[in-house]
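Asker: Mind looking over this structure? Questions follow.
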Ligand SMILES: [Zn+2]
């Protein structure tokens, strides 16, 4: 088929548009509010103070997970279609676009750093029949070329998330709030107050996080006389690294941004370098 890899990627981009529509719909629904914290450990700084946390009142539609799965599948198979076009027809059923997250080709003192030869075997099976130049490109774009970024690199994530989806594991996504601003109105007097804790890294403040903490001179205020309003941009993030106790949200990325980056990388950073090596009879 004529440039089927490009058609597959176009299809992935269409899913991205559907995803964008879902995310926009969710954001417009304003499913969040500030809720006063009454239970839990009390503040040790003040005798009486006011603390509020962010509450996400409704999670995104599960359809979002389905669309994400479709996107991942088509983006991943765009790469496999590209690989199939690089080999002679008799090799097509064995071909594929390898994505290895371990540095399988790195050598120290002429020996491979990664002992396990399976990755190299898989890589060779998938690329047998390709022009040497094409294999060099595929090796160059492997996620392990930058070990520090390997677990979050676009291709590694694409491979991992697509595998998770195929095996019907959940792609964990979570709603939060970006560009957060908290406004407090006390007996009709409005003021903007600083967030009680910094935004937890990109991209957002998560459900349940404390967003306001203040103490007032005036005693005897009723809760009904105080209005705390939070505004921000709802963000839907996908878990890309398992959370640790220390950095609970470090492993989340904005789902749209992540997927757009993956598409761009494949379209502009991989295809143009492999297309000159598309197999032609008699060449
Ligand atoms: Zn306090």
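The values are calculated or read from the model by the stated rules, or taken from the named source; none is laboratory data. It should be emphasised that the depicted structure is a prediction, and the values quoted were computed from it without experimental measurement. Here Cβ is always computed from backbone atoms with ideal geometry, including for glycine, and neighbour counts include all displayed protein chains.
Asker: Quick one: which of 46, 53 is within 16 Å of the ligand (Cβ to nearest atom) and under 26 Å from the mean Cα position of the chain (by Cα)?
Answerer: Residue meeting the stated conditions: 53.
Asker: Please work out which one of (1) at pLDDT 80 or above; (2) surrounded by 18 or more Cβ atoms within 10 Å (Cβ to Cβ) is the condition residue 131 fails and give its number.
Answerer: (2)
Asker: Looking at (1) within 16 Å of the ligand (Cβ to nearest atom); (2) at positive phi, which is the only condition residue 30 fails?
Answerer: (1)
Asker: Tell me yes or no: at least one residue of region 107-117 is more than 16 Å from the ligand (Cβ to nearest atom) and either touching a strand residue (DSSP E or B) at 6+ places or on another chain (Cβ under 8 Å) or in a helix (DSSP H, G or I) (or both).
Answerer: Checking region 107-117: at least one residue is more than 16 Å from the ligand (Cβ to nearest atom) and either touching a strand residue (DSSP E or B) at 6+ places or on another chain (Cβ under 8 Å) or in a helix (DSSP H, G or I) (or both).
Asker: Also, I was wondering about something else. Can you tell me which residue is nearest to the ligand (Cβ to nearest atom) among those in region 34-43 that are in contact (Cβ under 8 Å) with a residue 40 or more places away in the chain and within 17 Å of residue 225 (Cα to Cα)?
Answerer: Out of the qualifying residues, it is 37.
Asker: Which one is nearest to the ligand (Cβ to nearest atom), of the residues in region 209-221 that are within 13 Å of residue 36 (Cβ to Cβ) and modelled with pLDDT of 85 or more?
Answerer: 213
Asker: Being surrounded by fewer than 19 Cβ atoms within 10 Å (Cβ to Cβ), modelled with pLDDT of 80 or more and more than 16 Å from the ligand (Cβ to nearest atom) narrows it down to one residue among 245, 239, 187; which is it?
Answerer: On inspection, the qualifying residue turns out to be 187.
Asker: Could you list all residues from region 58-88 that are modelled with pLDDT under 95 and either outside any helix (DSSP H, G or I) or within 16 Å of the ligand (Cβ to nearest atom) (or both)?
Answerer: Once the filter is applied, which keeps residues that are modelled with pLDDT under 95 and either outside any helix (DSSP H, G or I) or within 16 Å of the ligand (Cβ to nearest atom) (or both), region 58-88 yields 58, 59, 60, 61, 62.
Asker: Would you please list the contacts, defined by Cβ atoms under 6 Å and residues six or more apart or on different chains, that run from a residue in region 210-234 that is in a loop (DSSP other than H, G, I, E, B) to a residue that is within 14 Å of the ligand (Cβ to nearest atom)?
Answerer: So the pair list comes out as 215/46; 215/49.
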